[in-house]
Ligand SMILES: Cc1cc2nc3c(=O)[nH]c(=O)nc-3n(C[C@H](O)[C@H](O)[C@H](O)COP(=O)(O)OP(=O)(O)OC[C@H]3O[C@@H](n4cnc5c(N)ncnc54)[C@H](O)[C@@H]3O)c2cc1C
Ligand SMILES: Nc1ncnc2c1ncn2[C@@H]1O[C@H](COP(=O)(O)O)[C@@H](O)[C@H]1O
């Protein structure tokens with residue numbers, strides 16, 4: 001069984017919002033790049049599934065659409081344990097463009113399970129996973145917080161609005177994963193880092209594809225008025241403010 | 001041509017987010033001079049469907065088939081795209097809910113339509129279509145230009161005020177052939193959250209962090225939530241330690257919520273936590289540390305021990321709620 005994990009390369013989650021070129025771009029100078037947090041959890045779960053001898057998983061591949069600047073992030077994924085990597089050599093222009101690149105790069109490779117994260121932490125698109133599934137005409141299951149394998153049978157847990165469900169489907173399929181899929185993201189060990197250098201990282205050219213959206217202006221949220229402080233001995237003042245000023249209770 | 005609005009029901013009742021979507025879609029349709037068409041999938045009784053009329057659509061369509069009573073991304077995509085093609089939809093609108101996030105990008109890909117998720121308000125411009133959303137987990141807003149024949153949009157919950165007026169809109173049955181092959185998933189178990197207010201729907205949320213010290217101290221949080229009709233939430237370490245169930249985890253890697261009031265008790269206000277709650281209309285912070293970053297995000301703050309402040313707050317709220 002072969003698992004594919006899509007890997008987004010995103011700024012560290014503590015990155016401040018700064019803009020460039022007349023607020024038309026996010027300013028990424030000096031940014032620390034990381035594996036998108038959900039993709040890191042997806043990869044961790046993929047490794048757990050592979051390591052469990054009861055499972056028939058023999059290969060975990062990661063794919064990224066990005067320029068050469070994404071390679072440290074890809075190497076980190078290899079150090080965590082992925083067997084090989086594909087990089088589609090193109091700037092990820094938008095979700096539709098990215099999904100078309102991923103679909104084209106993997107369509108002939110018979111992956112049984114494709115794991116994508118629920119959203120990327122920079123643009124928060126929540127789009128690529130569903131689009132890849134549609135382009136490959138595969139079953140997709142979203143908001144997945146658990147994946148279990150039993151031979152070639154897969155059982156998934158997903159969040160629905162107001163609860164959760166256990167879902168089964170035939171492979172191959174796309175699981176769009178979120179928190180819960182793995183407990184803690186795995187940190188590469190020294191041995192992994194050494195081995196990652198020798199693992200195959202295939203660079204492929206992008207296919208012809210259009211982008212249908214463009215980010216053209218960025219803005220900071222309105223600054224909040226300063227916090228009103230209330231004496232802990234006079235909690236009734238808070239209740240009165242919530243009732244009469246904010247009118248929320 | 002039309003604006004198509006997908007509405008979600010939960011056990012036969014439409015969600016609040018769906019009412020917001022209909023109000024929003026009706027407004028966009030008006031601006032674009034197009035009819036607003038609402039679509040429901042699955043078995044819903046006529047009374048519930050008629051409620052949708054209050055939010056001003058021109059047409060209410062229902063595809064009554066119990067196979068749609070549970071979410072199947074592929075089947076939903078097939079049905080919604082078929083209806084969209086039928087009415088030549090220029091815009092297809094979803095809520096940015098679990099279902100919307102699961103289905104809308106697939107529908108966009110099938111229609112080869114431009115996709116913009118999680119809108120925070122009405123479009124900035126209609127021609128060309130430019131919409132606004134949050135990026136970097138709430139740290140900034142971005143304007144997105146959409147090109148292409150059609151657009152698929154999702155609306156953030158609590159971002160658009162519903163507009164109600166009584167109306168009597170006839171409900172029409174959709175006649176598209178539903179193919180058994182569309183359905184490729186089987187739901188084998190359901191764990192419904194019962195009794196408690198659902199976090200993503202709640203108007204008020206009371207939340208606890210590591211400053212609450214342990215699960216045994218959640219009594220006053222639950223009592224306060226009970227009094228206010230609020231949902232309970234927590235920070236990530238609290239759910240990681242199993243003090244609280246993981247459904248309560250809010251933040252960048254947990255649930256993103258936008259209630260009218262968020263009460264943060266013993267939460268430091270890390271950037272990743274704020275990413276999930278900063279869209280709340282009002283934030284109250286209770287924390288022993290006057291320099292905790294939560295106070296920068298809060299509207300009202302109390303520097304004090306949550307173990308003492310919360311019980312006092314419960315008593316004061318009791319007085320005004322009676
Ligand atoms: C990639 C990534 C993603 C993350 N995603 C999330 C996320 O989605 N959600 C999330 O919450 N976190 C997330 N985190 C973790 C985040 O960085 C913080 O570590 C976390 O939010 C801290 O939780 P806390 O505020 O409960 O605990 P702490 O930071 O330990 O804060 C406890 C607070 O309680 C106060 N306190 C102590 N005693 C009392 C008392 N008696 N009364 C009142 N106040 C008291 C303290 O002054 C302190 O401010 C993420 C981190 C990373 C790296
Ligand atoms: N450039 C990219 N390369 C590979 N995978 C990506 C890329 N961008 C997004 N993804 C995947 O798609 C998921 C959702 O991202 P998004 O739709 O951008 O919010 C991410 O968690 C990744 O798994």
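A few remarks follow.
- Secondary-structure-derived ellipticity at 222 nm for the protein assembly as shown, considering helices only, amounts to -8000 deg cm²/dmol, per-run term -39500 (n - 2.57) for DSSP H runs with n ≥ 4.
- In this label model, residue A:108 and residue B:307 are separated by 6.7 nm, measuring between points 7 Å along each Cα→Cβ vector.
- Put the Cα centre of segment B:1-38 next to the Cα centre of segment B:110-143 and the gap is 17 Å.
- Gap separating the Cα centres of segment A:22-68 and segment B:166-219, nearest whole Å: 29
- Computed packing ranks the peptides B:262-274, A:227-239 as B:262-274, A:227-239, most packed first, by mean other Cβ atoms within 10 Å.
- Taking label positions 7 Å along the Cα-Cβ direction at both residue B:184 and residue B:126, the computed distance is 3.8 nm, reported to one decimal.
- Peptide-level mean, for A:167-179, of C-beta atoms on other protein chains within 10 Å: 4
- Beta-bridge orientation, segment B:2-182: approximately 30 percent antiparallel, per DSSP, counting only bridges with both partners inside.
- The modelled label-to-label distance between residue A:245 and residue B:222, using points 7 Å beyond Cα along the C-beta direction, is 3.2 nm.
- Test item: A:132-140 mean partner chain Cβ contacts at 10 Å: 5
- DSSP beta bridge pairing in chain B, given as percent antiparallel to the nearest 5: 20
- Angle in degrees between helix B:98-111 and the longest Cα principal axis of chain B, rounded to the nearest 10: 30
- FRET E, pair residue B:289, residue B:11, Förster distance 45 Å, beta-carbon r, rounded to 0.05: 0.55
- Alpha-carbon gyration tensor eigenvalues x 5, square-rooted, for segment B:2-182, Å: 24, 18, 16
- Panel values: chain B, Kirkwood radius from alpha carbon pairs, Stokes-Einstein at 37 °C and 0.692 mPa s, translational diffusion coefficient 156 µm²/s.
- Mean Cα-pair separation over length for segment B:201-315, i.e. relative contact order, pairs under 8 Å, 6 or more apart, %: 25
- Extension gain for residue A:83-residue A:231 works out to 47.5 nm (0.36 nm per residue, less the C-alpha to C-alpha distance).
- Förster-model FRET efficiency, 60 Å R0, residue B:30 and residue A:202, C-beta, rounded to 0.05: 0.70
- Considering segment A:2-224 at the alpha-carbon level, its Rg and Dmax are found to be 17.3, 55 Å.
- Number of partner chain Cβ atoms within 10 Å, mean per residue of A:152-165: 6
- Residue order, fewest to most beta carbons within 10 Å, for A:7, B:122: B:122, A:7
- Beta bridges from DSSP with both residues in the protein assembly as shown: antiparallel share about 35 percent, rounded to the nearest 5.
- When you count the other C-beta atoms within 10 angstrom of each residue and take the mean per peptide, A:172-178, B:221-227 line up highest first as A:172-178, B:221-227.
Bear in mind that the values in this text are calculations on the coordinates, not laboratory data. Remember, predicted model here, so these are calculated numbers, not experimental data. FYI the Cβ positions are ideal-geometry reconstructions off the backbone, even for glycines, and counts take in every protein chain you see.
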